Structure formats: C-alpha cells, structure tokens
C-alpha cells in the first residue's frame, strides 16, 4: 500500500508534469494548487538557497530555459510561491504563443455507445488504466471511485469499469459490511437525493464493496435521469431511464432529512476543479487521484 509520503511525492511530480500539458488551463492549475494546499504535507515552506534560486519578477528575462530551471527548483522546494510563479510564467508564454506552451485542440474523448447493463466494448479511461497498471490498491480504488464523476459515462459504462477493474485487480473489493462509518444501503428511491449519494460515496471509502459501488451507480442514474445539477449527462443524447426508477419522484424535490448532517465538508469528489481535471486526463488527473487518496 502506498504511504502518504510516496503519494505526496507522486502528486508533486504529476503537478509539475501537468505544467507541460497545453490542454490544462491556467485557471485549472490555480484551482488544483489551492486544493493541494488543503492536504497536509503536500506544500513546502518557500525557501531560497545556493541551489534553489529565487524567482525573477521581470517577465523580460523569462525564457523556456528559465521555466525549466524553476521547475527543477520546485522539485526541491515545492512551495506555493514557487508554483504560483511557474503558473504565471507559463501563462505569459501561452499569451505570447511560445512554442510548446500554446493551447492545442483537445483530443476527442468520445466513447462508444454502451449495450445492455454493461458496455461490452468497454475501454478503461487512461487514468484508471494508469493506476491499475501501477498496482497500488488504494490509488486504484480512488481512481475507480472517481470514474463516478465523469458525466460522460452512463451506468453501463461504469459497470464496465467495475467489471474490467475487478478482472484485472484481485481483491479490489471488500465484503460488504456496515458500521458507524459505512451505514446501510437504502432501497427506498424516495430517499435517493444528492445528499444521500454524497453519504454513500463517503461510506464507500470505508467499505469498498462491489455492492456499494453498484448501488452508487443506481443512485447516480436516478439523479441523472431527473437532471439534478451536477449529475445530468453531458452527452447529446437523452439518457435512458434506469429500470425501476420511472415511478420515483424527482430527486431534486425529494426530502433531504437525516442526510445533510453527516456529509463531510468540502468533499473532494464534488470539487468542480477535480472533475475538470479528470476529464482532461493525464498528469493533471493523476494529481487528483493522489490528493483524494490522501483524504482518508
């Protein structure tokens, strides 16, 4: 199992790599930097010494070589001040249309249409595959859980992710259990609200069972079909109604009693910046997985 120190090191490495991704916006990098500051141990106190040099405030002296040197210094001193400076330098280069920094047209992430209850032609996202290939159980579970945030994916594709991951990672799921931090699954769809979904995501962290994951897919589908903000599909076609949900009342209007109090504040799964990063993939998505995995 990856230690916190190792995850922090990997989060830092991936963040610095994300600076080279032209698809990643300046605003998204700033938001991810803000999120990183909320995770204890990720950021260093700003320091300058004989090897780790000070930043230069004069844009006239900013060159790609200067940017590379500052990235190296950030590997030794991963401080808010140094990273904000790197983002600023990068943004100036983007405005100048500097080669290697100019935004490019994002590649299409379209997926084939799913069939039945599981996408028969399912292909894992690059983010999920990356962590499965690396083989660390904690980050694999985190990456799989974060697939629920991809609004392009419907229930069949998420079930495909579950089946694919289960087939490639023995022991990915625990036996279903209940306790103070992993309470029962509610079958009454009238109680399947946004707050209930957030609670079940929290319980999944404590008890990463297949039954809980499948239940979250069902709740998510109901919320999608009722066009609840944050759950509606981003696909152009209308999502099909999930079996057995046609008679349920709108989740947006369903009662929220007994659910709000237990939801953790600033739940990372609901962070819009995290969701945007996951859609881009690559190093910036890996940063999210490591930051979320650090929140136990």
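I want to check the label-to-label distance for residue 234 and residue 20. Put each point 7 Å from Cα in the C-beta direction and report it in nm to one decimal.
2.5 nm
Any idea how far the Cα center of segment 174-211 sits from the one of segment 15-75, in Å?
Their Cα centres are 39 Å away from one another.
Sorted by packing (mean other beta-carbon atoms within 10 Å per residue), highest first, where do 48-57, 196-205 land? Mind showing how you got there, number by number?
On the way: 48-57: 12.2, 196-205: 20.9.
In descending order of packing, they fall as 196-205, 48-57.
Could you check the simple spin-label distance between residue 104 and residue 211, using points 7 Å along Cα→Cβ, in nm with one decimal?
Placing both labels 7 Å beyond Cα along the Cβ direction yields 4.8 nm.
Just order 60-70, 143-153 by mean Cβ neighbour count inside 10 Å, highest at the front, would you?
Ranking the peptides 60-70, 143-153 by packing returns 143-153, 60-70.
Want the number for residue 2 to residue 95: 0.36 nm per residue separation, take away the alpha-carbon distance, what's left?
Contour length minus the Cα-Cα distance gives 29.6 nm.
For a protection proxy built on the mean count of beta-carbon atoms within 10 angstrom, sort 35-47, 154-166 highest first, please.
154-166, 35-47
Any read-out appearing in this document is the output of simple, stated calculations on the displayed coordinates, not a laboratory observation. As the structure is a prediction and not an experimental result, all values here were calculated from the model. Here the Cβ is made from the backbone with ideal geometry for all residues, glycine too, and neighbour counts use every protein chain on show.
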